[in-house]
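Reading through the structure tokens given below for one structure.
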Amino acid sequence: MIYTKTGEYAIRAILYLARQPKDSLLMSADIAKSEDIPAHYLAKILQRMAKYGYVDSFKGRGGGFKITELAKKSSILEIVERVEGPVINLKCVTGLKECQEDNPCPLHEEWAELRNRIYNLISSKSVQEVAERYSETLRKVK
């Protein structure tokens, strides 16, 4: 894929939180178990998402995490890039230092098209939109 395990786990966690009833507080261990993500790893990701305002974190008895309105309105790309940095590699896929339109590598045109399609897909879909469609998919599977 175009992102690391950190990005994948961040997407799975934020989509899980987005599918919960409004104002539900969930412990990171419960999210980790449900999404089959290593608990200690997810706890770090959730803390990073809290730092950027994508989740609210509540400590103590009855505490946990909940998704924010900012996260629901954000694109999948925005969430992943905050958690792990740029996900779309703009470098030449073959490693050429000077791969450009006027001096392209053998894969330049195809890679540019694919890269742009991926970028457009994950930057145009909000977390809420994806979560709603994901909920529909899960209902059909059951």
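The values are calculated or read from the model by the stated rules, or taken from the named source; none is laboratory data. Since the model is a prediction, treat every value here as computed from it, not as a measurement. Here the Cβ positions follow ideal geometry from the backbone for every residue, glycine too, while neighbour counts run over all protein chains shown.
Have a look at 50, 13, 18 and point out the one that is within 15 Å of the chain's Cα centre (by Cα), more than 24 Å from residue 137 (Cα to Cα) and aliphatic (A, V, I, L, M). One residue alone meets the criteria, 50.
Just to be sure I understand, how many residues within the range 89-124 are outside any helix (DSSP H, G or I), in contact (Cβ under 8 Å) with a residue 24 or more places away in the chain and surrounded by 15 or more Cβ atoms within 10 Å (Cβ to Cβ)?
From the range 89-124, those outside any helix (DSSP H, G or I) are 89-107; that's our starting set.
Imposing the further condition that a residue be in contact (Cβ under 8 Å) with a residue 24 or more places away in the chain reduces the set to 89-90.
Pick out the ones that are also surrounded by 15 or more Cβ atoms within 10 Å (Cβ to Cβ) and you get none.
Here the count works out to 0.
Which residue is nearest to residue 119 (Cα to Cα), if the candidates are limited to the range 1-10 and must be of a type in the set (A, V, I, L, M) and surrounded by fewer than 18 Cβ atoms within 10 Å (Cβ to Cβ)?
Initially, the range 1-10 is screened for residues of a type in the set (A, V, I, L, M), giving 1-2, 10.
From what is left, the residues that are surrounded by fewer than 18 Cβ atoms within 10 Å (Cβ to Cβ) are 1-2.
Values: 1: 12, 2: 10 Å.
It comes out as 2.
Of all residues in the range 1-40, exactly one satisfies the criterion of being of a type in the set (Phe, Trp, Tyr) and in contact with a Ser or Thr (Cβ under 8 Å, 6 or more places away or on another chain), namely 16. Under the condition of being more than 18 Å from residue 115 (Cα to Cα) and not in a helix (DSSP H, G or I), the residues counted in the range 52-88 number 18. In the range 41-51, the count of residues that are under 23 Å from residue 126 (Cβ atoms) and in a loop (DSSP other than H, G, I, E, B) is zero.
Evaluate the following for residue 82: is it under 24 Å from residue 125 (Cα atoms), among the basic types (Lys, Arg) and modelled with pLDDT under 95? Criteria met by residue 82.
I'm trying to understand the selection: among the residues of the range 31-45, which are surrounded by fewer than 20 Cβ atoms within 10 Å (Cβ to Cβ) and closer than 18 Å to residue 131 by Cα?
Residues of the range 31-45 that are surrounded by fewer than 20 Cβ atoms within 10 Å (Cβ to Cβ), as a first pass: 33-36, 38-41, 43-44.
34, 35, 36, listed by residue number.
Return a yes/no flag: does the range 46-56 have any residue that is touching a residue at least 40 places away in the same chain (Cβ under 8 Å), small (Gly, Ala, Ser) and surrounded by 14 or more Cβ atoms within 10 Å (Cβ to Cβ). No.
If you go through the range 13-30 and keep only what is surrounded by fewer than 19 Cβ atoms within 10 Å (Cβ to Cβ) and either at positive phi or in a helix (DSSP H, G or I) (or both), you end up with 23, 29, 30. For residue 8, the stated conditions hold: it is free of Cβ contacts under 8 Å to residues at least 60 places away in the same chain and closer than 14 Å to residue 81 by Cα.
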